[in-house]
1. Within the range A:228-266, can you find the residues that are hydroxyl-bearing (Ser, Thr, Tyr), within 26 Å of residue A:32 (Cβ to Cβ) and modelled with pLDDT of 75 or more?
2. Given the criteria free of Cβ contacts under 8 Å to residues at least 24 places away in the same chain and within 28 Å of residue B:4 (Cβ to Cβ), does residue B:127 qualify?
3. Read through the list (1) away from every other protein chain (no Cβ under 14 Å); (2) buried (at least 17 other Cβ atoms within 10 Å of the Cβ); (3) not hydroxyl-bearing (Ser, Thr, Tyr), then give the number of the only condition that residue B:43 fails.
4. Could you please find all residues in the range A:165-179 being hydroxyl-bearing (Ser, Thr, Tyr) and away from chain B (no Cβ under 14 Å)?
5. I need a count of the residues in the range B:45-61 that are farther than 13 Å from residue B:80 by Cα and either more than 16 Å from the chain's Cα centre (by Cα) or part of a strand (DSSP E or B) (or both).
6. Residue B:77: touching a Lys or Arg at 6+ places or on another chain (Cβ under 7 Å), touching a residue at least 60 places away in the same chain (Cβ under 8 Å) and farther than 30 Å from residue B:143 by Cβ, yes or no?
7. Hey, which of the helices (runs of 4 or more DSSP H) in the range B:62-160, taking only ones fully inside, have at least 3 residues that are within 14 Å of chain A (Cβ to nearest Cβ)?
8. Any residue in the range A:123-139 that is of a type in the set (A, V, I, L, M) sitting within a Cβ distance under 7 Å of a residue that is part of a loop (DSSP other than H, G, I, E, B)? List the pairs, counting only those 6 or more apart or interchain.
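The values are calculated or read from the model by the stated rules, or taken from the named source; none is laboratory data. Every value quoted in this text rests on a predicted model; they were computed, and no experiment measured them. FYI the Cβ positions are ideal-geometry reconstructions off the backbone, even for glycines, and counts take in every protein chain you see.
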Amino acid sequence: MSLFMDLNLPFTADKKRLKTLLETAAHLGFSTVAINYFHEGQSKGKKEIPKPTPLAQLVDELPIVQGKSRPIKVLNRLTILVSDASHFRHNAAEYRAYDILAVQPTTEKLFHAACMTFDVDIICITVTERLPFFFKRAPINGARERGVMFEVCYAAAIRDSTMRRYTLTNTLALVERNKGKNIIVSSGTDKPLELRGPYDITNLAQLFGMSEVEAKDGVSSNCRSVLLHAETRKTACGIIYTVKTPNDSQPKDGPPLAKKQKTSAS
Amino acid sequence: MVRVKSRYLLCEIHVSDPSKLLLLEDRAITAAVKDAVTSAHGDYGAAQCSIGFSVKYVNAHTGILFLRCPKSSYRLIWSALPFITSVERKGRRISCFLSCLHVGGTIRTCQKFLIRYNTQQLHRMLPKCKTQEEKDQVRRAILSSSTYMLKGKEHKEERD
């Protein structure tokens, strides 16, 4: 059994809802989820990029994953809606607080730029309306070479039938150009009742024109490569990694329990 | 004579309010699945769904159901299952979703899987118990389910 991931759970301030959302995801068998903070790029009246809320403040106890004995892993992700090239700032310090970085381009030019130059992990495909442009092979191949993934959210398709049509049209267009590679399928919903199990998602992705293997990769191994890509984004050429050493060297919780026992015995 | 082959989808139904789970029954679920297939795949899907499709078993307490589909079209029916958002029963809408746990060729293999799955659920339940009484109850349930599995194995060995 492979590890399943859902890299798009929108952030809600409602703690109770977030808790049930995480519990449902764990029950369905997702071992890693990412809480998504949405940021709309604005040129005037600069809106601050939201700071991720520490996980300890959101939930007290992480639920155990179905079929495993480990608790669910929760990451932070930032999605920027880009409607102008200046909205995405390269190497901004604010982006460092997030584990995963995603952009949602709105025009063809920006889509091209996102695929070829932007230093991101995920490019979101709009599924709630008809895309104003066609996918071209050059940027998509460029994205594949750089290891950037395309994301499709299925929650809109569940909600009503017009959205379902748009989702299917846009995804079919993408899969046709992309041959089903480099696609991740995630939920993108904050309602627990709109989540689906990983095997249902793979079967749903086959409706999008992906093969069985590609569909399963869409919820498991492609997500894993997103995480690895995100790791290398923080490093220099994926080799050197800098960590800020904490200045105060006082121990937080004291020595671990096993050590304590040893000293008391001797 | 070759038997008619079919696939059994073992599904779990998730509802927001556990008290509404008891309202579920097979006819309501059949209607919901057929509606979903029709809306996703049109007349062709509805036709596929009308032969050899049935809800074999519903457990309203644990929210488990068995769907029987013809082998040729089970993927078509399965791909429509995520679009189910509610089940209508006696004019009341129960918002829910189905998640598929297992696909089997016979009911027997599905049952075997279900016993294992339910034991797993009991193991998950154990740390959440608050009183000693609850804990004992869950422990007893786990024991009885595992002895059931062992007995099944012994029977098989005897037959061999």
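1. Pass one, the range A:228-266, residues hydroxyl-bearing (Ser, Thr, Tyr): A:232, A:235, A:241-242, A:245, A:249, A:263-264, A:266.
From what's left, within 26 Å of residue A:32 (Cβ to Cβ): A:232, A:235, A:241-242.
Scanning the range A:228-266 gives a single hit, A:232.
2. Numbers: free of Cβ contacts under 8 Å to residues at least 24 places away in the same chain: yes; within 28 Å of residue B:4 (Cβ to Cβ): no.
Spelling it out, it is not the case that residue B:127 is free of Cβ contacts under 8 Å to residues at least 24 places away in the same chain and within 28 Å of residue B:4 (Cβ to Cβ).
3. Every condition holds for residue B:43 apart from (2).
4. First, the residues of the range A:165-179 that are hydroxyl-bearing (Ser, Thr, Tyr): A:166-167, A:169, A:171.
Hits for the range A:165-179 are A:166, A:169.
5. Looking only at the range B:45-61, we keep the residues that are farther than 13 Å from residue B:80 by Cα, and these are B:47, B:50-61.
Then drop every residue that is not either more than 16 Å from the chain's Cα centre (by Cα) or part of a strand (DSSP E or B) (or both), which leaves B:47, B:50-52, B:54-59.
Total satisfying the criteria: 10.
6. Numbers: touching a Lys or Arg at 6+ places or on another chain (Cβ under 7 Å): no; touching a residue at least 60 places away in the same chain (Cβ under 8 Å): yes; farther than 30 Å from residue B:143 by Cβ: yes.
So residue B:77 does not fit the description; no.
7. Values: elements: B:74-80, B:107-125, B:132-159.
So the answer is B:74-80, B:107-125.
8. Qualifying pairs under 7 Å: A:123/A:148.
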